[in-house]
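The values are calculated or read from the model by the stated rules, or taken from the named source; none is laboratory data. Nothing here was measured: the structure is a model prediction, and the numbers come from that model. A quick note on method: Cβ atoms are made from the backbone with ideal geometry, for glycine too, and the neighbour counts reach across all protein chains shown. Note: areas computed on protein heavy atoms with side chains; ligands, DNA, RNA excluded. Shrake-Rupley method; radii C 1.70, N 1.55, O 1.52, S 1.80 Å.
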Amino acid sequence: MKQFLKFMQVLLLGLLWAGTQSMAVTVTIGTGTTTTSYPFYTLYEDARTQMLYTASEITAGGGAAGTIQSIALNIASASSFSMNGFSIKMQNTSAATLTGFVGTGWTNVYSGVYTPTTTGWQTFPLTTPFAWDGTSNLLVEICFDNSDWGSNSTVYATAATNVVWHYHTDGATGCSLTGGSVQTSRPNIRLEITTSPTSPVTVTIGTGTSTTGYPYYTLYEDCRTQILVTKAEILAAGGFPGEISNLAFNVSSVNNLPMNGFTIRVQNYPGTLSGFVSSGWTTVLTTTYTVNTTGWNTHTFTTPFMWNGTDNLLFDVCFDNTSWSSNSYVYASSVASGLCYYQNTDGAAGCQLSSPYSTTLRPNVRFTITPVAPATLKGYVTNGNTGASIIGAMVKAGDSITYTNASGYYQMAIRAGNTTITCSKLGYDEQTI
């Protein structure tokens, strides 16, 4: 009974942290390769630049209402000439264009001396993070005030109309400049936004109109389908880390044959597929299901699943019949390889099939994510007698499962609150807390 004693000690520490859910997303606006000298116009002593980025551009990049933690610009050439009194300011605005410098309403988010010394994305962590409301456009000002001048640094920019106002001169106060003119290129920008969702969101992945029989492949007795949805796809569709409560497929044609042992399993998965994944699953639904109608057929989970927001999301859908008929078909989209595998056959255990076919036609899916307060459970599993790390020990918290790595380490996202945690491995005493 001592083999997992140290597992229990570390495990208790892993449960001590639980907080309000938040996530950081990085939003990139602009992919142009034009270069411009503003906002780092050090060929003159003083410069002021204001740039407008729309709410639709931010949300299209995966952003949502939250706190902007940093801003970055992509430097094409660095002059190594310092900018004194360097300031970044932000504000939410209803304005869609700029016709001059905006003089009021600013929040100063960064101040200091900045010297561009290298090319590529240069990030400015904001000393005062800025609350973006999710619906307003974002106005950004960058200015500096030198007493000398040198050559310019340049940044990559994208053609834009009436959304950049700039002025440079000598012998003035850079951040109080007036005058200036509209510019035709807007610097590409990168924002890190921390969001705290407060209500459920329905995420739809795939809009294709091709059709396929899996996962309802009742032309055979048994079928198994694994569908991988990437983290980037979920975030771009407005998703966030949280509890997934259902999975839906958009049916184009119906066959009424019941699917016995109809099972859905889910896991957080870091890569893409090269075949069926056989372990690490959380079973979220087991039932008998009959497709009776076209449109979105929703399967409500009896056990909600926590998506960690870091990995991709992998679904396993299977059934096990003793008879067959024609298929029900679902709408699907063309995707890269490694995102979907399926297998159908007769006389086997559908949820244990192991010789799948690769396909680039992935069923469109829809699921609901609800924000919850998550906890991070992590630690090491060691032999209580020798202290040696134990590889491949299973750690189970509720219906979430993970395995220790080569160092005996495990980490998983679980729902905050009281839960039963079990650690087991063949040849060792099982431990529960």
**Q.** For THR135: the one exception among (1) in contact with a Ser or Thr (Cβ under 7 Å, 6 or more places away or on another chain); (2) open to solvent by 40 Å² or more (accessible area, probe 1.4 Å)
**A.** (1)
Q) Any idea which residue in the range 180-198 is nearest to PHE124 (Cα to Cα), counting only those that are open to solvent by 20 Å² or more (accessible area, probe 1.4 Å) and modelled with pLDDT under 95? A) GLU192
Q | Odd one out for SER325, checked against (1) touching a strand residue (DSSP E or B) at 6+ places or on another chain (Cβ under 9 Å); (2) on the phi < 0 side of the Ramachandran plot; (3) part of a loop (DSSP other than H, G, I, E, B); (4) open to solvent by 30 Å² or more (accessible area, probe 1.4 Å) | A | (1)
(Q) Suppose we filter THR298, THR310 for residues that are at pLDDT 95 or above and hydroxyl-bearing (Ser, Thr, Tyr); which single one remains? (A) THR298
Q | Residues of the range 138-153 satisfying the condition of being in a loop (DSSP other than H, G, I, E, B) and open to solvent by 30 Å² or more (accessible area, probe 1.4 Å) | A | SER147, ASP148, TRP149, SER151, ASN152
Q | Count of residues meeting criterion [within 21 Å of the chain's Cα centre (by Cα), crowded, with 21+ Cβ neighbours inside 10 Å and closer than 14 Å to ILE189 by Cβ] in the range 63-73 | A | 3
Q: Output yes when any residue across the range 158-172 is touching a helix residue (DSSP H, G or I) at 6+ places or on another chain (Cβ under 6 Å) and closer than 24 Å to SER94 by Cβ, and no when none is.
A: no
Q: Can you tell me which residue within the range 283-302, out of those that are surrounded by 15 or more Cβ atoms within 10 Å (Cβ to Cβ) and in contact (Cβ under 8 Å) with a residue 60 or more places away in the chain, is nearest to TYR331 (Cα to Cα)?
A: TRP296
Q: Could you tell me which of the residues THR209, THR288, THR204, THR298 is closer than 22 Å to ASP346 by Cβ and in contact with a strand residue (DSSP E or B) (Cβ under 9 Å, 6 or more places away or on another chain)?
A: THR288
Q | Candidates ALA55, ALA76, ALA18, filtered to the one that is open to solvent by 20 Å² or more (accessible area, probe 1.4 Å) and at pLDDT below 95 | A | ALA18
Q. From the list SER111, SER136, SER151, which residue is of a type in the set (Ser, Thr, Tyr) and under 14 Å from LYS89 (Cβ atoms)?
A. SER111
(Q) Residues that are part of a loop (DSSP other than H, G, I, E, B), touching a Lys or Arg at 6+ places or on another chain (Cβ under 8 Å), of a type outside the set (Asp, Glu) and farther than 26 Å from ALA55 by Cβ: does the range 170-178 have at least one? (A) yes
Q. Which residue out of VAL10, VAL109, VAL27, VAL102 is touching a helix residue (DSSP H, G or I) at 6+ places or on another chain (Cβ under 7 Å) and either open to solvent by 10 Å² or more (accessible area, probe 1.4 Å) or at pLDDT 90 or above (or both)?
A. VAL27
Q: Go through PHE240, PHE305 for me and flag whichever is open to solvent by less than 30 Å² (accessible area, probe 1.4 Å), hydrophobic (A, V, I, L, M, F, W, C), within 30 Å of PHE124 (Cα to Cα) and modelled with pLDDT under 95.
A: PHE240
Q: Just need a number here: residues in the range 147-185 that are under 40 Å from the mean Cα position of the chain (by Cα), more than 22 Å from SER77 (Cβ to Cβ) and not aliphatic (A, V, I, L, M).
A: 7
Q.
Can you tell me which residue is modelled with the highest pLDDT among those in the range 395-418 that are more than 18 Å from TRP281 (Cβ to Cβ) and open to solvent by less than 50 Å² (accessible area, probe 1.4 Å)?
A. GLY408
Q.
Looking at the range 333-389 only, could you name the residues that are open to solvent by less than 20 Å² (accessible area, probe 1.4 Å), at positive phi and more than 21 Å from the chain's Cα centre (by Cα)?
A. GLY379
Q) Between residues in the range 268-282 that are at positive phi and residues that are in a strand (DSSP E or B) and crowded, with 17+ Cβ neighbours inside 10 Å, which pairs lie under 6 Å by C-beta distance while being six or more apart or on different chains? A) GLY280/GLN267
(Q) Suppose the filter is in contact (Cβ under 8 Å) with a residue 12 or more places away in the chain, at positive phi and surrounded by fewer than 20 Cβ atoms within 10 Å (Cβ to Cβ); does GLY171 pass it? (A) yes
Q: Output the number of residues of the range 261-279 satisfying the condition of being surrounded by fewer than 16 Cβ atoms within 10 Å (Cβ to Cβ) and within 24 Å of ASP320 (Cβ to Cβ).
A: 3
(Q) Within the range 49-134, considering only strands (runs of 3 or more DSSP E) that don't extend past its boundaries, which have at least 2 residues that are farther than 26 Å from THR154 by Cβ? (A) 66-77, 83-93, 120-132
